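**Student:** Before I ask anything, here is the structure I am working with.
The values are calculated or read from the model by the stated rules, or taken from the named source; none is laboratory data. Just so we're clear, the structure is a prediction, and the values are computed from it rather than from any experiment. Heads up, the Cβs are rebuilt from the backbone with ideal geometry, glycines too, and the neighbour counts pull from every protein chain shown.
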Amino acid sequence: MMTERPIVGIDLGTTHSLCAVFRDGQPELIPNALAHTLTPSVVGVLPDGHIVVGQAARELQVAHPDRAVACFKRWMGTERRVEIGGQSFDSQELSSLVLRSLREDAENYLDTAVVDAVITVPAYFNDHQRKATKLAGRMAGLNVRRIINEPTAAALTYGFHDRQAEKKLIVIDLGGGTFDVTVMDVFEGALEIVSTAGETQLGGEDFTTRLMAQVLKTQSRQLENCEMQHPLFVSRLREKCEAAKRALGRQTSTSVAIPEDDGRFRDPAPTITISREDAGQWFQPLVQRLARPISRALRDARLEAAEITEVILVGGATRDRTVREFVSQFFDCQPHATVNPDEVVALGAAVQAALITDDRAVEDMVMTDVCPFTLGVQVVKQFGNKEVPGYYLPVIHRNTTIPVSREEVVATTRANQREVEVQIYQGESRKVSDNLRLGALSVPDIPAGPAGQPVHIRFTYDLNGILEVEAYLPQTGKKFNTVLTNHVEGLSPQELSSALVRMQQIKFYPRDNVRHQRLLRFAEKAIGEVSPFQRDELEAAVDGFEHAMEAGDRELFEQMRESLLLTLSALGLPMQDVDDER
Ligand code: ADP
Ligand code: MG
């Protein structure tokens, strides 16, 4: 059964994004305009200023690295901007373009308006990054009903399919740019996230980078100098190394063709051979970094590796053999990957959507999550009569079940201190300087009096992983909570509305155009293959179609498209399903 307005589940990944929906008692993936379920998280700007997203942008990137950008999730929530094709974007805006493209695909597939969404983020995404993700959703015209952690979503997929089991699972998610570990307990339909840990700067892309560095080394070059290299050289070499990395999963050795300095390939191009052993050794330093977050998640869950009943692999990079070997050794068992590791997060987001709409198919499921990091405030410590600021007082400890609301009491340190500036941090260090500052809350109008006037500070961490901070003065009954809520979107109302307007004005390439461009390219290629006496007819059909694409007359366009498709099939060259380029 499907409610009137569906809530879609979106896995907004570093390298790929997916969209799913819960229908007829099942989570189901939504294909994009090219009939693929994976949309590359790549945005490009065409010479005419139009934006392309996904496969088209990825193709653009290989040929014109300066016209497209990928992996922007890595700088989500930061001020960093990139310029591509003469337009400047931050990560939030780029993510919103990906979301918009997914939304349009979903609307087309479901044949209804799509407004509501659940979006997944790495568990280790901090407050800024979560808010930026929410805002990206808003810019894409989505009402983000819930932000959930990617490993939680993965666990939901497994929990949905195997509800009555009683087990302790660990989800190991190594994606393109991030690594997440989650320990969970499944018991009679109740899924409880027990602990989570991870690293925001470790993923499959680092494996590719490592391979590139080693390949360049054999050429007596350094990757660090890449900035000085021709951008085409770097993008083409990266593409080759990515393919080599994947090939090593299937075969014991592979070769990498090295482009010339300007990025072109000589024929034949010089190649170097990489064996699985070599790659395994090069990857060791990266693989070793998996151990720490795994151990920490286990420690927080008070479990030994041997007590884990099932290890679940998620994320494309867990296909790597070195990673699998490491995980099997660590847990002394074969990990599970019964659900496709690329799809499990998006499917789980759809299960979460079903939980929100109280779908009958999930009525016996209960799900609890945790706050993945410690949240607290800065305090001053007293040593004799010396006061030292900069210490961290945790208010919500990491891996506390959410939603949660906790209070701590701090106090003024000076007589007649009328104001306290509450500095809010996230992190695990003893000193605030090593933690991430999330914001501040100013508490004025404290009644005059000796030092030690109490200020109650309450932190509320919701299911989206977004924090609200309140301060309460028991002496006067006054409450303050404005600061962080104002920061919820990281922007002032004016900034927000101008950002929304800007995103709406972007000339987005209509989704159908991607398909039509492909048909055009296919037909153009076919011209060279047909016999000379068939050529005229096909050429005329191609010309007509190309012209109609630009003319903007819908009826004419449909006619021309039809006629081109007919001509092609009459020539024995039917347009294959667009799935040919995966
Ligand atoms: P994200 O969720 O961050 O977008 P994915 O789960 O899609 O990431 O994983 C993408 C990463 O997986 C990329 O770095 C890619 O190189 C890597 N990857 C995909 N397939 C393979 C494979 N067969 N072997 C090794 N790595 C792979
Ligand atoms: Mg992912």
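**Student:** Hey, can you tell me all the residues within region 126-158 that are among the acidic types (D, E) and closer than 15 Å to I466 by Cα? Break it down into steps so the answer makes sense when it comes.
**Tutor:** Applying the first criterion (among the acidic types (D, E)) to region 126-158 yields 127, 150.
The answer is D127, and nothing else.
Matching residues to (1) in contact with a helix residue (DSSP H, G or I) (Cβ under 6 Å, 6 or more places away or on another chain); (2) among the polar types (S, T, N, Q):
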residue: I7; (1), (2): yes, no
residue: V21; (1), (2): yes, no
residue: L38; (1), (2): no, no
residue: V53; (1), (2): yes, no
residue: R74; (1), (2): no, no
residue: R81; (1), (2): no, no
residue: G86; (1), (2): no, no
residue: S95; (1), (2): yes, yes
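**Student:** Within the group V194, V186, V215, which residue is over 25 Å from E150 (Cα atoms), among the β-branched types (V, I, T) and either more than 16 Å from ligand 2 (Cβ to nearest atom) or crowded, with 19+ Cβ neighbours inside 10 Å (or both)? Show your work before the answer.
**Tutor:** Working: V194 fails: over 25 Å from E150 (Cα atoms); V186 fails: over 25 Å from E150 (Cα atoms).
Result: V215 is the single residue among V194, V186, V215 that is over 25 Å from E150 (Cα atoms), among the β-branched types (V, I, T) and either more than 16 Å from ligand 2 (Cβ to nearest atom) or crowded, with 19+ Cβ neighbours inside 10 Å (or both).
**Student:** If you take the residues in region 112-158 that are hydroxyl-bearing (S, T, Y) and assigned to a helix (DSSP H, G or I), which one is farthest from ligand 1 (Cβ to nearest atom)? Show your work before the answer.
**Tutor:** So the first thing to find is which residues in region 112-158 are hydroxyl-bearing (S, T, Y), and the list is 112, 120, 124, 133, 152, 157-158.
Add one more test, that the residue is assigned to a helix (DSSP H, G or I), and what stays is 133, 152, 157-158.
Working: T133: 14, T152: 14, T157: 14, Y158: 16 Å.
Checking each candidate, the answer is Y158.
**Student:** So, in region 159-183, of the ones that are within 16 Å of ligand 1 (Cβ to nearest atom) and not in a loop (DSSP other than H, G, I, E, B), which residue ends up surrounded by the fewest Cβ atoms within 10 Å (Cβ to Cβ)? Full working, then the answer.
**Tutor:** Initially, region 159-183 is screened for residues within 16 Å of ligand 1 (Cβ to nearest atom), giving 171-182.
Subset that is not in a loop (DSSP other than H, G, I, E, B): 171-174, 179-182.
Values: V171: 32, I172: 29, D173: 28, L174: 30, F179: 29, D180: 31, V181: 25, T182: 30.
Ranking the candidates gives V181 first.
**Student:** Regarding region 535-546, can at least one residue be identified that is within 21 Å of V52 (Cα to Cα) and not assigned by TED's automatic domain parsing to the domain that holds F89?
**Tutor:** Among the residues of region 535-546, at least one is within 21 Å of V52 (Cα to Cα) and not assigned by TED's automatic domain parsing to the domain that holds F89, which makes the answer yes.
**Student:** Output the strands (runs of 3 or more DSSP E) that fall wholly within region 1-77 and possess 1 or more residues being away from ligand 2 (no atom under 16 Å from the Cβ), touching a Pro at 6+ places or on another chain (Cβ under 8 Å) and among the charged types (D, E, K, R), or say none.
**Tutor:** Result: 16-23.
**Student:** Still on this structure, I have one more. Is it the case that some residue within region 311-325 is away from ligand 1 (no atom under 16 Å from the Cβ) and closer than 21 Å to F187 by Cα?
**Tutor:** First, pick out the residues of region 311-325 that are away from ligand 1 (no atom under 16 Å from the Cβ): 311.
Within this subset, residues satisfying the condition of being closer than 21 Å to F187 by Cα are 311.
Yes: region 311-325 contains one or more residues that are away from ligand 1 (no atom under 16 Å from the Cβ) and closer than 21 Å to F187 by Cα.
Residues checked against (1) in a helix (DSSP H, G or I); (2) surrounded by fewer than 22 Cβ atoms within 10 Å (Cβ to Cβ); (3) touching a residue at least 24 places away in the same chain (Cβ under 8 Å); (4) among the β-branched types (V, I, T):
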site	(1), (2), (3), (4)
F330	yes, yes, yes, no
N340	no, yes, no, no
V345	yes, no, yes, yes
A353	yes, no, yes, no
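**Student:** Here's another thing I want to ask about it. Check A291 against each of (1) within 16 Å of ligand 2 (Cβ to nearest atom); (2) at pLDDT 90 or above and name the one condition it does not meet.
**Tutor:** Among (1) within 16 Å of ligand 2 (Cβ to nearest atom); (2) at pLDDT 90 or above, the lone unmet condition for A291 is (1).
**Student:** Moving on. Residues in region 78-94: is at least one within 16 Å of ligand 1 (Cβ to nearest atom) and touching a residue at least 60 places away in the same chain (Cβ under 8 Å)?
**Tutor:** Just the residues of region 78-94 that are within 16 Å of ligand 1 (Cβ to nearest atom), to begin with: 91, 94.
This time we only want the ones that are touching a residue at least 60 places away in the same chain (Cβ under 8 Å), so: none.
No, because not a single residue in region 78-94 is within 16 Å of ligand 1 (Cβ to nearest atom) and touching a residue at least 60 places away in the same chain (Cβ under 8 Å).
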